[in-house]
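One structure is given below, encoded as structure tokens.
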């Protein structure tokens, strides 16, 4: 994802001299090509994320389009006040790029695991949130971010993210994507865990469960239509996120269901209920924290069985979306 973002940013900068790259003492090597060709539009602030955001707001006030880039935790937490006051409150055209989301920085421990960033950024008025699932989606989200007039948070993994989409994939900001059709259970996910979820959904299908899989690459504004339609069509929804369940994807989906009277529906959030546990590789971190392919398949089966046990589900044909 990181390389896809950098390639897209380079292409944007080549076409538009308002594009600037701001970093906080990271990404020095991966920005080599950008620095070589657009050195006057690259600024390294050192470990001073808050200063970077305030300067970005000032640059945006002068008509520039700054893309600020650093580790997601340090961006969304350390500089939250500046993002709130200097960027969002003033509706500045600043792009916030957080890398290493979820458990990607696995061996570095919980201080580097970014599992609260969606919840934090969701609270901010005028903030758009993109959470791409693969490199192509990351590229398209970067292009979309540049076109949006206002604050955007783009959350990315680093390298070696598996490919999900083909070259003809059409990214539409604010619109979810149905990756698998199904009638028994709907699974809604986001970000770099999507590849794991696809494997789990296919395994559930092998066991006779028809699963609709939805990728929400835009978390704010969220696609209400695709969520409510899924509740009507399947009567059961499982949300999966490499993030806390408090204030993240699952909370967003639950709010959509309640506010659209799309109930009752069997519903479960799968994610973190506490700080991440353990140390290890990225795969080991998912296993330790209940987000492995096997864990996800098990949750799909459990929700499906719970739905079958229910005698009746409300007819949602009259729900207004």
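Go through 67, 42, 74, 38 for me and flag whichever is under 24 Å from the mean Cα position of the chain (by Cα) and over 18 Å from residue 147 (Cβ atoms).
74
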Requested in this report: Could you figure out which of (1) over 19 Å from residue 170 (Cα atoms); (2) assigned to a loop (DSSP other than H, G, I, E, B) isn't true of residue 243?
Outcome: (2)
Query raised in the report: Is the stretch 212-221 home to any residue that is assigned to a strand (DSSP E or B), in contact (Cβ under 8 Å) with a residue 60 or more places away in the chain, within 23 Å of residue 306 (Cβ to Cβ) and in the same structural domain as residue 300 (by TED's automatic domain parsing)?
Result: no
Report task. Run residue 124 past the list (1) part of a loop (DSSP other than H, G, I, E, B); (2) surrounded by fewer than 17 Cβ atoms within 10 Å (Cβ to Cβ); (3) at pLDDT 95 or above and report the number of the one that doesn't hold. Result -> (2)
Query raised in the report: If we scan the stretch 136-154, do we find a residue that is at pLDDT below 95, crowded, with 16+ Cβ neighbours inside 10 Å, over 16 Å from the mean Cα position of the chain (by Cα) and not assigned by TED's automatic domain parsing to the domain that holds residue 303?
Result: no
**Report entry** residue 268, sole failed condition from (1) outside any loop (DSSP other than H, G, I, E, B); (2) under 29 Å from residue 123 (Cβ atoms); (3) at pLDDT below 90
**Finding:** (3)
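Residue by residue, here is whether (1) assigned by TED's automatic domain parsing to the domain that holds residue 191; (2) touching a strand residue (DSSP E or B) at 6+ places or on another chain (Cβ under 7 Å); (3) in contact (Cβ under 8 Å) with a residue 24 or more places away in the chain holds:
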position	(1), (2), (3)
23	no, yes, yes
29	no, no, no
32	no, no, no
46	no, no, no
52	no, yes, yes
59	no, yes, yes
63	no, no, yes
72	no, yes, yes
79	no, no, yes
Requested in this report: Kindly establish whether residue 208 is part of a loop (DSSP other than H, G, I, E, B), modelled with pLDDT of 95 or more, more than 18 Å from the chain's Cα centre (by Cα) and surrounded by fewer than 18 Cβ atoms within 10 Å (Cβ to Cβ).
Outcome: yes
Requested in this report: Please work out if residue 254 is touching a strand residue (DSSP E or B) at 6+ places or on another chain (Cβ under 8 Å), free of Cβ contacts under 8 Å to residues at least 24 places away in the same chain and either over 23 Å from residue 118 (Cβ atoms) or part of a helix (DSSP H, G or I) (or both).
Outcome: yes
Query raised in the report: So which residues in the stretch 194-205 are surrounded by fewer than 24 Cβ atoms within 10 Å (Cβ to Cβ) and closer than 18 Å to residue 268 by Cβ?
Result: 196, 203
**Report entry** In the stretch 6-32, residue nearest to the chain's Cα centre (by Cα) [restricted to those that are buried (at least 19 other Cβ atoms within 10 Å of the Cβ) and under 13 Å from residue 70 (Cα atoms)]
**Finding:** 6
Query raised in the report: Restricting attention to the stretch 109-119, does a residue exist that is crowded, with 24+ Cβ neighbours inside 10 Å and either closer than 17 Å to residue 4 by Cα or out of contact with any strand residue (DSSP E or B) (no Cβ under 8 Å at 6 or more places or on another chain) (or both)?
Result: no
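The values are calculated or read from the model by the stated rules, or taken from the named source; none is laboratory data. All of these numbers come straight from a predicted model, not from anything done at the bench. Cβ sites come from the backbone with ideal geometry, for glycine too, and all protein chains shown count toward neighbours.
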